[in-house]
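J.: One structure is given below, represented as structure tokens, and several questions about it will come after.
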Amino acid sequence: MEDQRFELVKCAFCGKAFAQEAGKRPTCPDCLAEEDAVYRKIRNLVSNNPDRRMNVSDVARILGIEERTINYLIENGMFNLSLRSGVISSRLGD
Ligand SMILES: [Zn+2]
């Protein structure tokens with residue numbers, strides 16, 4: 001029997017405390033759909049504008065999403081961010 005370790009974390013979206021498997025990103029089950037929606041919005045914007053160099057604040061302004069939410073997705077490896085230029089790009093090369 002596998003021994004999964006859970007820890008009490010605060011959801012990055014709604015701030016609610018919930019039990020999450022250790023090492024997984026802190027998005028509570030209620031907010032997974034929202035996280036996915038935000039992820040798709042950013043991915044569409046970035047991949048539809050390949051010639052436009054957008055940083056986190058550009059994306060936040062255009063989509064009306066909080067910068068911290070975008071940073072959260074970047075920190076969790078859902079997007080690449082060029083550290084030198086600060087330009088955001090879609091992780092999937094599609
Ligand atoms: Zn939540």
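J.: Where the second residue is of a type in the set (Lys, Arg) and modelled with pLDDT of 95 or more and the first is closer than 22 Å to Thr69 by Cα and part of a strand (DSSP E or B) and lies in the range 1-12, which pairs have Cβ atoms under 9 Å and are six or more apart or on separate chains?
T.: Lys10/Lys16
J.: Is one or more of the residues making up the range 46-55 surrounded by 18 or more Cβ atoms within 10 Å (Cβ to Cβ), without any contact (Cβ under 8 Å) to a residue 40 or more places away in the chain and within 16 Å of the ligand (Cβ to nearest atom)?
T.: Looking through the range 46-55, none of the residues is surrounded by 18 or more Cβ atoms within 10 Å (Cβ to Cβ), without any contact (Cβ under 8 Å) to a residue 40 or more places away in the chain and within 16 Å of the ligand (Cβ to nearest atom).
J.: I would also like to ask the following. Looking at the range 14-34, I want the residues that are of a type in the set (S, T, N, Q) and have a partner that is within 11 Å of the ligand (Cβ to nearest atom) with Cβ atoms under 7 Å, at least 6 apart or on another chain. Which pairs are those?
T.: Pairs that qualify, where the first residue is of a type in the set (S, T, N, Q) and the partner is within 11 Å of the ligand (Cβ to nearest atom), are Gln20/Val9; Gln20/Pro26; Thr27/Cys11; Thr27/Ala12; Thr27/Phe13; Thr27/Glu35.
J.: Within the range 47-55, identify whether any single residue is within 15 Å of the chain's Cα centre (by Cα), closer than 21 Å to Leu81 by Cβ and aliphatic (A, V, I, L, M), and answer yes or no.
T.: Checked the range 47-55: no residue is within 15 Å of the chain's Cα centre (by Cα), closer than 21 Å to Leu81 by Cβ and aliphatic (A, V, I, L, M).
J.: Being in contact with a strand residue (DSSP E or B) (Cβ under 8 Å, 6 or more places away or on another chain) and either among the basic types (Lys, Arg) or at positive phi (or both) is the filter here; which residues of the range 13-31 pass it?
T.: If the condition is that a residue be in contact with a strand residue (DSSP E or B) (Cβ under 8 Å, 6 or more places away or on another chain) and either among the basic types (Lys, Arg) or at positive phi (or both), then Lys16 is the only one that fits.
The values are calculated or read from the model by the stated rules, or taken from the named source; none is laboratory data. Because the structure is predicted, anything quoted here is derived from the model rather than measured. Backbone-built Cβ (ideal geometry, glycine too); neighbour counts: all protein chains shown.
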